[in-house]
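Undergrad: The structure follows.
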Amino acid sequence: MATGFIVRKNQYYDSVFLMGVNNRLSQIQGVQQTAVLMASEKNKELLVNFGLHGEEIESAQPNDLIVTVIAETPQIVETVLANLDQALISQEASAPASHLHSLEEGLVEKPFANLAAFSIPGEYVYREAMKALEANLNVFIFSSNVPLEEELKLKQFASEHKLLVMGPDCGTSILGGVGIGFANVVRNGTIGVIGPSGTGLQEFTSQVHNAGYGISHAFGTGSHDLSDEIGGVTTLMALDALETDEQTEVIAIVAKPPGQKTLHHLVARLKNCTRPVVACFLGTPPEDVNTNSGILWARMIDDAVLSAIQVSGKRESTPGIQLTETEHGLARQTRAKWSSEQCYLRGLLAGGTFCHQSQQILLEAGIEVYSNAPLKPQYKLTHPDHSYKHTLIDMGDDAYTLGKPHPMIDGTMRKQRILAESYDPSVAILLLDFILGYNASMDPVGELLDAIVEAKQRMQQHAGDLAVVASICGTQEDPQELDLQAKLLQEAGVILFHSNAKASLFCCELLKPAKEV
Amino acid sequence: MDIKHKIEIANEEATRRLISGDPVLVDIAPAGEVIPGLEGRMITHSGPPIKWQRMCGAQQGAIIGQVLYEGWADSFDEAKSLLDKGSIRLEPNHHHQTVGPMAGTISPSAPVWVVENKSFGNRAFCRQVEGRQQFGDYSPEALASLHQWRDVWGPTLRKALLKMGGLELKTIITQALQMGDELHNRHSASSSLFSNAMAVAMAEAEILRESAVPTLKYITRHNLIFLGLAMACGKAIADPASNIEYSTVVTAMARNGTEFGIRISGLGEAWFTAPAPVVDGLYLPGYTAEDAGLDMGDSAITETVGWGAFTLGGAPGILALVGGTPEEAIAYTREMKKITTKAHPTYLMPALGFAGISIGIDIRKVVQTNLTPIIDTAIAHKDPGYPIIGAGLVRAPMECFKQALIAFGQRYNSQ
Amino acid sequence: MQNKIEELLHEPLVVINVGLKGFAESLEQQEVEVVQIDWVPPAGGDPEMIDLLERLL
């Protein structure tokens, strides 16, 4: 047993406070008894009972603090007294945390963090994300408008330090079952997926789930990752990670067409992948890419889902997506209600990938379609607010989201555009998408329902009918509940599909005779 | 060693000095006897340096009052003409180890609190706190309290204090912070504790009843009696933290009603100034924001050492005076943690779970977080001749912190 | 020791969320350890100050 004490000159605390300190010190392992008190005459007498006396204690004044420790070993006594300040100020830690305003404060709060997620103005991203990387954190960047050279520098730094940069302009990732950003609630499983686009990943993962299968991990890489400027740094790193991940049996890549150089580089890597790979670059791969290389090519997200399921479920191959007889019949009935003027499709899409895929499907069916985000320059709208013939609008384009909420979060902009389109008597079809999941609007259908009903009524007053064709991307487990949202749409007379590709194919079918006429 | 590291070490030293400050009231003596360099026809004032012509109305009024009090002139006009001609020397308190509330005027015959920082041996001085002349009121009624202070209260307290052999103030400050004072505009606890100590001292010094009674009445009814002491303590604590190479810690914040100025440890005696801000305040009956002068006084020395509005969360009683809700007060106090280097180990706030007050304002953090120090303060009239008109909260202007950071970069970054 | 990317796949996530509060809330709903940072631009967005702070802080 050992005893020790310390006198702190002119360090006043009230007795209630010191009782708390005493309590804390006495709970330290190996400590048998402690006395923490101001050196009043009365208190000094108490110390005599501890066996403590002598010049230093005698001369102590009422404003001096005396701390006495009796413990099993001299080392414990020494340690406790040496760390006294901690006990004296540790009360502070129990004060409620304040609002934190910087990454540095976050790092203090969570020293074992493994991911930093950023949704801040693009101009600040490089500096902040670099600090996170320097602190050995992986990074998820939702922010857009980050200069490409900064993106490249972040990704190169990350690559050298074996860290992953998801983004910038990355909406979605699912890591070990946890959805980050705009993610749907999906089953855990054996299919891994990588993609630059949030909605592409949401469509893929939701469809896998709705087909009864599950996702190991879904890596968002950022919308520019497969550009030739970036060269797919994150895509390749995510591929490495999935390839060595025991849970993952098949790897899918779902992306808009990559840059030319990057595509060749990526294909070369995919060929050597030790896991089966499904590649979907929305459309037919360019002719100079060797498609006969063990990679399973998919033209649409739905095809990619089917291929991945076949590989992981070891199932026989099923035919690609096509419309059923009932749907063909529905198309005939729908067309029959149109007035003679009605002939054009107007698509107002919240998902950038959906706008791309719908255009691709329509173009492949020989239907010319204009857009604010066209697949070919000749189909560029002169003004995004003015539809022309068949038009598909990416409502999440920067022009619409500058200073305004994304249509996935707030339906106001789409609602206004739906009503605007309904005043054009040549409009026959309205194509919409509804995206569920974390961080999306809690009632995306409800937000547009009134406008949809009003638009349909207006067309009916002109002896026609508006065909509203919609797809929902989501699962029953999502916070919005797929079935509830679907029911609302069906009750409003909306023709509903559970995939954007199928909704687009249905639009092609509706437009067929118009084209043939 | 890179510059960031050097700054960290320097700031740690500056903070250590701030924390180890041990103020003791050692005397209450005429300013001319104790304040270095205060001599002849000279008046010191609050804030960064400023010429008579640029002074705000309240500070001009207070200086005129001080001239009349010293008997250097017999009328407003006479006093003004002396000042216009430049026959009275005007210098900032801070250039003389001194601080003063509001206009902060000090002249040789006025007794000042003399506080010694026992840890470092330096002294600091502060004038009497009252509600009229320091706000710019130069009327005979306003000057009466200055005369009483000079002739009765000051000498009586001095006698008792010297007999007692000085009064340790750290203990009073520690207790007062735990009793709901923030030591800038709320001094209910500290003033009581001080009066208790002095009452005993006066009895022991066998002060005659005719001096003892009015003096006791004065100190026991003056609920801001301790402000002058707290300010002198703040100055005595802050000065040793000055002139540390590479330190970005603020060692003074002071306002003269025209400009707000700060000094930085690593930048020596230089002032970094910006126009004095408008105080967001509550007004006494008969006054409105229209009447208000701009932020004024050396009393922000209390915030400089972590008291005042930095401690607002621990002093909800002050909110009746300066406005705001307890939640806002706690938020301010928490916010100040973001711009300071450390929590004080002994100055604690029970209301915040006994968190230590935040000390060591770091200009880098101020600029980085875009949060400037918060100050609670009294408000003077914009024109000369008025007493106190209100009180409120004010933020130090960001501009002086940015200027200081640029100057710091120029001085040290190239080395 | 596994590298940080493997940690992302196999260990519980611990997230510092800088910006949109919703992201942190959705992680909390999934019982992920997350700290929310109500981010504000450094130095109020003043580029000269940001440069200076880069070197000094």
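We did not get these values from a lab; they are worked out from the coordinates using the rules stated. These numbers were taken from a predicted model, which means no experiment stands behind them. Cβ sites come from the backbone with ideal geometry, for glycine too, and all protein chains shown count toward neighbours.
Undergrad: Just need the Rg to Rh number for segment B:119-263, please, alpha carbons only, Kirkwood Rh.
TA: When Rh is taken as the Kirkwood radius, the ratio is 1.00.
Undergrad: So what is the diffusion coefficient of segment C:4-56 in µm² per second by Stokes-Einstein at 4 °C and 1.567 mPa s, using a Kirkwood Rh over Cα pairs?
TA: Result for D is 98 µm²/s.
Undergrad: Moving on to the next point. Taking a temperature of 37 °C and a viscosity of 0.692 mPa s, what whole-number D in µm²/s does Stokes-Einstein yield for the protein assembly as shown with Rh from Kirkwood over alpha carbon pairs?
TA: Here the translational diffusion coefficient equals 99 µm²/s.
Undergrad: Can I ask one more? Round to the nearest 0.05 the FRET efficiency obtained for A:GLU368 and A:ASN145 when R0 = 35 Å and r is the Cβ-Cβ distance.
TA: In this case the efficiency is close to 0.65.
Undergrad: Which percent of Cα pairs goes in each bin when the distances of segment A:253-365 are cut into 5 angstrom slices starting at zero?
TA: Result, from short to long distances: 2, 9, 16, 18, 18, 13, 9, 6, 5, 3, 1, 0 percent.
Undergrad: Calculate for chain B the 222 nm mean residue ellipticity that helices alone would give, adding -39,500 (n - 2.57) per DSSP H run of length 4 or more and normalising by residue count, nearest 500 deg cm²/dmol.
TA: -11000 deg cm²/dmol, from helical runs alone.
Undergrad: Which number comes out as Rg/Rh for segment B:54-139 once both Rg and the Kirkwood Rh are worked out on C-alpha atoms?
TA: Using only Cα positions, Rg/Rh for segment B:54-139 is 1.01.
Undergrad: What's the magnitude of the charge dipole for segment B:52-129 around its Cα centre, counting Lys and Arg as +1 and Asp and Glu as -1 at the beta-carbon? Answer in Debye, nearest 20.
TA: With only Lys, Arg, Asp and Glu charged at Cβ, the dipole is about 320 debye.
Undergrad: R0 = 41 Å: FRET efficiency of A:LYS512 with C:GLN29, Cβ-based, nearest 0.05?
TA: Using R0 = 41 Å, I get an efficiency of 0.35.
Undergrad: Name the residue farthest towards the positive end of the dipole of chain A from the options A:ILE28, A:ASN10, A:VAL277, assuming +1 on Cβ of Lys and Arg, -1 on Cβ of Asp and Glu, about the Cα centre.
TA: A:VAL277
Undergrad: Taking the simple approach of a point 7 Å from Cα along Cα-to-Cβ for both B:GLU327 and A:GLU78, what is their distance in nm?
TA: Distance between the two pseudo-spin positions: 5.1 nm.
Undergrad: Ok, one more. Full extension from A:GLU491 to A:HIS161: what is 0.36 nm times the residue separation minus their Cα-Cα distance, to one decimal in nm?
TA: Length gained, A:GLU491 through A:HIS161: 113.4 nm.
Undergrad: For the residue pair B:ALA270 and A:ASN23, what label-to-label distance in nm results when each label sits 7 Å from Cα along the Cα-to-beta-carbon direction?
TA: Between B:ALA270 and A:ASN23, the label points sit 5.1 nm apart.
Undergrad: What 222 nm value per residue comes from the helices of chain A, counting each DSSP H run with n ≥ 4 as -39,500 (n - 2.57) and dividing by all residues, nearest 500 deg cm²/dmol?
TA: Calculated mean residue ellipticity at 222 nm is -12000 deg cm²/dmol.
Undergrad: With the radius of gyration and the Kirkwood radius both derived from the Cα set of chain B, what is their ratio Rg to Rh?
TA: On the Cα set of chain B, Rg over Rh gives 0.95.
Undergrad: So, one more: Once the convex hull of the C-alpha atoms of segment A:101-169 is built, how many Å³ does it hold per residue, rounded to a whole number?
TA: Each residue corresponds to 68 Å³ of Cα convex hull volume.
Undergrad: How high is the FRET efficiency between A:ASP410 and A:MET130 when r is their beta carbon distance and R₀ equals 35 Å, given to the nearest 0.05?
TA: 0.65
Undergrad: If the label point is 7 Å along Cα→Cβ of A:GLN32, which residues in segment A:45-67 have backbone nitrogen under 18 Å from it?
TA: In segment A:45-67, the label zone of A:GLN32 (backbone N under 18 Å from the point 7 Å along Cα→Cβ) covers A:47-53.
Undergrad: Per residue, how big is the convex hull of segment B:242-413 when only Cα atoms are used? Give it in Å³.
TA: With only Cα atoms used, segment B:242-413 gives 109 Å³ per residue.
Undergrad: Per residue, how big is the convex hull around the C-alpha atoms of segment B:21-234? Give it to me in cubic angstrom, could you?
TA: 109 Å³
Undergrad: When the dipole is taken about the Cα centre of segment A:101-169, and only Lys, Arg (+1) and Asp, Glu (-1) are charged at their Cβ, what size is it in debye, to the nearest 20?
TA: About 200 debye.
Undergrad: Assuming 1.567 mPa s and 4 °C, estimate D for segment B:1-70 with Stokes-Einstein, Rh taken as the Kirkwood radius over Cα pairs, in µm²/s.
TA: 79 µm²/s
Undergrad: So for the pair C:GLU54, A:TYR388, with labels modelled 7 Å out along Cα→Cβ, what separation do we get in nm?
TA: Reported label-point gap for C:GLU54 and A:TYR388 is 4.3 nm.
Undergrad: Provide the descending list of Cα extents for segment A:2-94 along its principal axes, expressed in whole angstroms.
TA: Computed over the Cα atoms, the extents are 31, 29, 18 Å.
Undergrad: Multiply the residue gap between A:HIS264 and A:HIS53 by 0.36 nm, knock off their C-alpha separation, and tell me the result in nm, one decimal place.
TA: Length difference between fully extended and current span is 67.6 nm.
Undergrad: Still on this structure, I have one more. Using θ = phi - 60° and the Karplus relation 6.51 cos²θ - 1.76 cosθ + 1.60, list the HN-Hα couplings for segment B:102-107 in order, rounded to whole Hz, with x at every Gly or Pro.
TA: Working through the residues one at a time gives 6, 4, x, 5, 9, 10 Hz.
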